[in-house]
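Participant: The structure follows.
The values are calculated or read from the model by the stated rules, or taken from the named source; none is laboratory data. If you're wondering where the values come from, they're calculated on a predicted model, not measured in any experiment. Virtual Cβ from ideal backbone geometry, glycine too; neighbours counted across all protein chains shown. Side chains are part of the model used for accessible areas, which takes the heavy atoms of the whole protein and leaves out ligands, DNA and RNA. Shrake-Rupley method; radii C 1.70, N 1.55, O 1.52, S 1.80 Å.
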Amino acid sequence: MGINQKTLPGILLCAVLAFPCWLLGQQFHLVGSPIFAIILGIIIGTIFTSWKREKTGAGIGFTSKKILQWAVILLGFGLNITQILHVGWISLPVIISTIATSLIVAYVIYRLTHIDSNTAVLIGVGSSICGGSAIAAAAPVIKAEDQDIAQAISVVFFFNVVAAFVFPQFGDAIGLSNMGFGLFAGTAVNDTSSVTATAAVWDSMKGTGTQVLEYATIVKLTRTLAIIPICLGLASYQVYKAKQNAAQTDGSSVSVAKIFPKFVLYFVICSLITTALSYANVDIGFLSIFKTISKYFITMAMVAIGLNTNIVKLLKSGGSALALGACCWIAITAVSLVAQHMIGLW
């Protein structure tokens, strides 16, 4: 289903509701537009339930699925692989350690508890890589429900806020150097806006200008690159599961081309285009418009997800998701500090 008379009303509704959320996100970077979008969507979806389903349901569903995929594709234009790896090379061991830790913790807790598998994947990915953007990228790959996405985004946001207030004082108390705290903030805080907020507080405390902020941002951008292998891995696993299910039922074969999410490949191609242009010394400043559109599309998708979210169900199942997020967050924090101590940056 594409954009047509049936889907257009819902798409326009999400686009209009996303605008004030976008503006608020620009003013309150620590919160970010996706959180404002989910909250507004839940409020309006709760009030106008019947009207929403009859006139705008198809478009809302299209926005939460297809437009979210378009957002991920355009997100690729913000990844210059060569430049980020060149500058952030020293942080790679810490980044890899924290990402692996979060994913392992999420998997272990999923196996030990009754938490939904998609929720566990999204919280693990969001905690380990880059918060909302990673969740947005992984959700369509694993075909997550809107409820799962809303829950994961909310959990990641909560610990972003905690980190921004707690980490600067904590880092100072344990005697982190400026570079050490930049690496700590860049690897242990989830979302990019929260990384910059946390690092900016440190710069203000220590009078270091923007030194720590710049380094933490580079570390965070390097960490963002993990979206590519994670999404490719999740997509490959979906294909593997489909083949296993087909073999166990009727023995039929599975078409990889039909199952593998094409938007993941387009996302990788966009990042490779950005990298190639940069390598050829082409000014890639014009690509920033695609990054802006991507962020707005994510905000629209979060509005749609909020409109489709059952707030009662979300609150009832929120405790286990929050506990999972806490475990991932604590594990990442510990591993980040231990890893950088081992490489001599503390």
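Participant: Just checking, does region 280-291 include any residue being in contact with a Pro (Cβ under 6 Å, 6 or more places away or on another chain), surrounded by 13 or more Cβ atoms within 10 Å (Cβ to Cβ) and modelled with pLDDT of 90 or more?
Facilitator: Scanning region 280-291 turns up no residue that is in contact with a Pro (Cβ under 6 Å, 6 or more places away or on another chain), surrounded by 13 or more Cβ atoms within 10 Å (Cβ to Cβ) and modelled with pLDDT of 90 or more.
Participant: On to the next question. Within region 1-49, track down each residue that is open to solvent by 80 Å² or more (accessible area, probe 1.4 Å) and modelled with pLDDT under 80.
Facilitator: Matches in region 1-49: 1, 29, 48.
Participant: If you don't mind, another one. Pick from 133, 102, 64: which is modelled with pLDDT of 85 or more, touching a Ser or Thr at 6+ places or on another chain (Cβ under 8 Å), polar (S, T, N, Q) and open to solvent by less than 40 Å² (accessible area, probe 1.4 Å)?
Facilitator: 102
Participant: Here is a follow-up. Working carefully through the options 174, 135, find the one that is out of contact with any Lys or Arg (no Cβ under 6 Å at 6 or more places or on another chain), within 24 Å of residue 40 (Cα to Cα) and of a type in the set (A, V, I, L, M, F, W, C). Walk me through it before giving the result.
Facilitator: Details: 174 fails: within 24 Å of residue 40 (Cα to Cα).
Criteria check complete, one pass: 135.
Participant: Taking the condition of being assigned to a helix (DSSP H, G or I), surrounded by 12 or more Cβ atoms within 10 Å (Cβ to Cβ) and either modelled with pLDDT under 80 or of a type in the set (Asp, Glu) (or both), how many residues in region 257-279 meet it?
Facilitator: Going through region 257-279 one residue at a time, the tally reaches 1.
Participant: Which residue pairs have Cβ atoms under 7 Å apart, sit 6 or more places apart or on different chains, and have a first residue in region 199-218 that is in contact (Cβ under 8 Å) with a residue 60 or more places away in the chain and open to solvent by 40 Å² or more (accessible area, probe 1.4 Å) and a second that is not acidic (Asp, Glu) and not in a loop (DSSP other than H, G, I, E, B)?
Facilitator: Matching pairs, first to second residue: 218/87.
Participant: Now for a different question. Looking at residue 195, is it surrounded by fewer than 24 Cβ atoms within 10 Å (Cβ to Cβ) and either β-branched (Val, Ile, Thr) or touching a Gly at 6+ places or on another chain (Cβ under 7 Å) (or both)? I'd like the intermediate steps shown before the answer.
Facilitator: On the way: surrounded by fewer than 24 Cβ atoms within 10 Å (Cβ to Cβ): no; either β-branched (Val, Ile, Thr) or touching a Gly at 6+ places or on another chain (Cβ under 7 Å) (or both): yes.
No: the conditions fail for residue 195.
Participant: Could you list, in sequence order, all residues of region 68-127 that are more than 30 Å from residue 284 (Cβ to Cβ), of a type outside the set (A, V, I, L, M, F, W, C) and in a helix (DSSP H, G or I)?
Facilitator: 97, 101, 102, 107, 110, 111, 117, 118, 119, 124
Participant: For the condition within 25 Å of residue 33 (Cα to Cα) and either open to solvent by 50 Å² or more (accessible area, probe 1.4 Å) or assigned to a helix (DSSP H, G or I) (or both), what is the one hit in 304, 331?
Facilitator: The conditions single out 304.
Participant: Mind counting the residues in region 105-121 that are in contact with a helix residue (DSSP H, G or I) (Cβ under 8 Å, 6 or more places away or on another chain) and either surrounded by fewer than 23 Cβ atoms within 10 Å (Cβ to Cβ) or not aliphatic (A, V, I, L, M) (or both)? Give the steps one after another, and end with the answer.
Facilitator: Taking region 105-121 first, the residues in contact with a helix residue (DSSP H, G or I) (Cβ under 8 Å, 6 or more places away or on another chain) are 105-107, 109-110, 113-121.
If we keep only those that are either surrounded by fewer than 23 Cβ atoms within 10 Å (Cβ to Cβ) or not aliphatic (A, V, I, L, M) (or both) as well, we get 107, 109-110, 113-119.
Of the residues in that region, 10 qualify.
Participant: Just checking, does region 130-138 include any residue being of a type in the set (A, V, I, L, M, F, W, C), under 23 Å from residue 270 (Cα atoms), within 17 Å of the chain's Cα centre (by Cα) and in a loop (DSSP other than H, G, I, E, B)?
Facilitator: Checking region 130-138: at least one residue is of a type in the set (A, V, I, L, M, F, W, C), under 23 Å from residue 270 (Cα atoms), within 17 Å of the chain's Cα centre (by Cα) and in a loop (DSSP other than H, G, I, E, B).
Participant: What are the pairs, 6+ residues apart or on separate chains, where a residue within region 114-126 that is more than 12 Å from residue 99 (Cα to Cα) has its Cβ under 7 Å from a residue that is of a type in the set (D, E, K, R)?
Facilitator: Pairs found: 116/148; 118/145; 118/148; 119/148; 122/148.
Participant: Further, regarding this structure: Within region 165-189, restricting attention to residues that are open to solvent by 10 Å² or more (accessible area, probe 1.4 Å) and touching a residue at least 40 places away in the same chain (Cβ under 8 Å), which residue is nearest to the chain's Cα centre (by Cα)?
Facilitator: 179
Participant: Of the residues that make up region 148-159, is at least one open to solvent by 10 Å² or more (accessible area, probe 1.4 Å) and out of contact with any Gly (no Cβ under 9 Å at 6 or more places or on another chain)?
Facilitator: For region 148-159, residues open to solvent by 10 Å² or more (accessible area, probe 1.4 Å) and out of contact with any Gly (no Cβ under 9 Å at 6 or more places or on another chain): present.
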